[in-house]
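Below is one structure, written out as structure tokens; the observations come after it.
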Ligand code: DGL
């Protein structure tokens with residue numbers, strides 16, 4: 001079945017982090033209408049088990065599909081590592097795009113990266129989704145992985161460059177810095193908001209990749225493959241949903257997006 005190309009694209013995360021993916025999707029696919037869902041009542045996902053995150057992800061996809069989404073972007077590494085293959089089985093007619101595979105594909109096509117570090121939530125790192133995908137593509141790669149659970153609450157609080165964030169960056173990343181990786185994957189959609197402080201910490205010695213741009217490109221390719229892109233210019237009709245208080249989401253969302261959003265509803 002060919003989905004109606006005018007229908008929106010659903011994007012979800014546990015909170016505001018997925019807005020880093022939303023932003024890239026808007027740039028790559030300016031004609032598409034987007035529905036963003038932040039599961040703020042249940043954030044963080046990254047300290048919960050894969051089974052629980054899968055259950056939440058199922059609810060999120062069902063909600064976005066009930067709103068008419070023609071495709072769903074799992075804009076959360078934790079949910080991507082835990083649930084994407086399950087969601088693909090449960091929703092065989094829906095385009096489900098996770099954030100892990102696109103950036104891994106890019107890095108595997110660039111053989112100059114021999115030592116790759118990946119940071120993410122504890123659940124993402126424990127799933128070994130990145131480590132396994134990278135190793136499957138190139139067995140010689142050296143991979144260093146580290147869970148950084150305090151980064152998500154710091155970002156949710158908008159603390160992108162505070163003293164406490166500097167100390168936390170040092171606590172989590174000193175070992176990785178000593179190992180001198182060629183590439184560092186920000187394997188959590190909240191982390192791009194810490195890109196500057198992390199890059200400064202490494203003194204520019206590592207190339208930093210986040211998942212948003214590669215995911216948006218992958219989404220564009222998948223839509224094109226199904227002839228499901230919206231080709232007509234649209235009015236700005238993005239909508240936002242949260243599962244808890246909308247006010248605090250709006251405040252942090254403005255820091256992520258650089259503009260104020262008004263049409264946020266609680267579901
Ligand atoms: N932003 C999410 C991720 O990419 C989830 C963070 C969390 O809720 O712990 O993993």
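The values are calculated or read from the model by the stated rules, or taken from the named source; none is laboratory data. This one's a predicted model, so the numbers in the text were calculated from it and none came from an experiment. Heads up, the Cβs are rebuilt from the backbone with ideal geometry, glycines too, and the neighbour counts pull from every protein chain shown.
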Given the conditions (1) over 19 Å from residue 213 (Cβ atoms); (2) not in a loop (DSSP other than H, G, I, E, B), report the number of the one that residue 106 does not fulfil. (1)
Does segment 186-197 contain any residue that is surrounded by 20 or more Cβ atoms within 10 Å (Cβ to Cβ), closer than 23 Å to residue 134 by Cα, touching a residue at least 12 places away in the same chain (Cβ under 8 Å) and out of contact with any helix residue (DSSP H, G or I) (no Cβ under 8 Å at 6 or more places or on another chain)? no
Counting only residues that are touching a helix residue (DSSP H, G or I) at 6+ places or on another chain (Cβ under 7 Å) and at pLDDT below 95, segment 109-136 contains a total of 1
Being away from the ligand (no atom under 16 Å from the Cβ), more than 15 Å from the chain's Cα centre (by Cα) and buried (at least 16 other Cβ atoms within 10 Å of the Cβ) is the requirement here; does residue 108 meet it? yes
From the list 82, 69, exactly one residue is crowded, with 22+ Cβ neighbours inside 10 Å, modelled with pLDDT of 95 or more and assigned to a helix (DSSP H, G or I). Which is it? 82
Count - residues of segment 132-164 that are away from the ligand (no atom under 16 Å from the Cβ) and either out of contact with any strand residue (DSSP E or B) (no Cβ under 9 Å at 6 or more places or on another chain) or not in a helix (DSSP H, G or I) (or both): 14
Given the criterion touching a strand residue (DSSP E or B) at 6+ places or on another chain (Cβ under 6 Å), under 20 Å from residue 127 (Cβ atoms) and more than 12 Å from the ligand (Cβ to nearest atom), identify the matching residue among 34, 58, 64, 87. 87
Residues 210, 170: which one is within 14 Å of the ligand (Cβ to nearest atom) and either touching a helix residue (DSSP H, G or I) at 6+ places or on another chain (Cβ under 9 Å) or closer than 24 Å to residue 247 by Cα (or both)? 210
Residue 126 is checked against (1) in contact (Cβ under 8 Å) with a residue 40 or more places away in the chain; (2) under 19 Å from the mean Cα position of the chain (by Cα); (3) within 16 Å of the ligand (Cβ to nearest atom); (4) over 24 Å from residue 22 (Cα atoms) and fails just one. What number does that condition carry? (1)
Of those in segment 165-184 that are touching a strand residue (DSSP E or B) at 6+ places or on another chain (Cβ under 6 Å) and assigned to a loop (DSSP other than H, G, I, E, B), the residue surrounded by the most Cβ atoms within 10 Å (Cβ to Cβ) is 181
Residues of segment 225-246 being farther than 16 Å from residue 13 by Cβ and surrounded by 10 or more Cβ atoms within 10 Å (Cβ to Cβ), which ones? 225, 226, 227, 228, 229, 230, 234, 237, 245
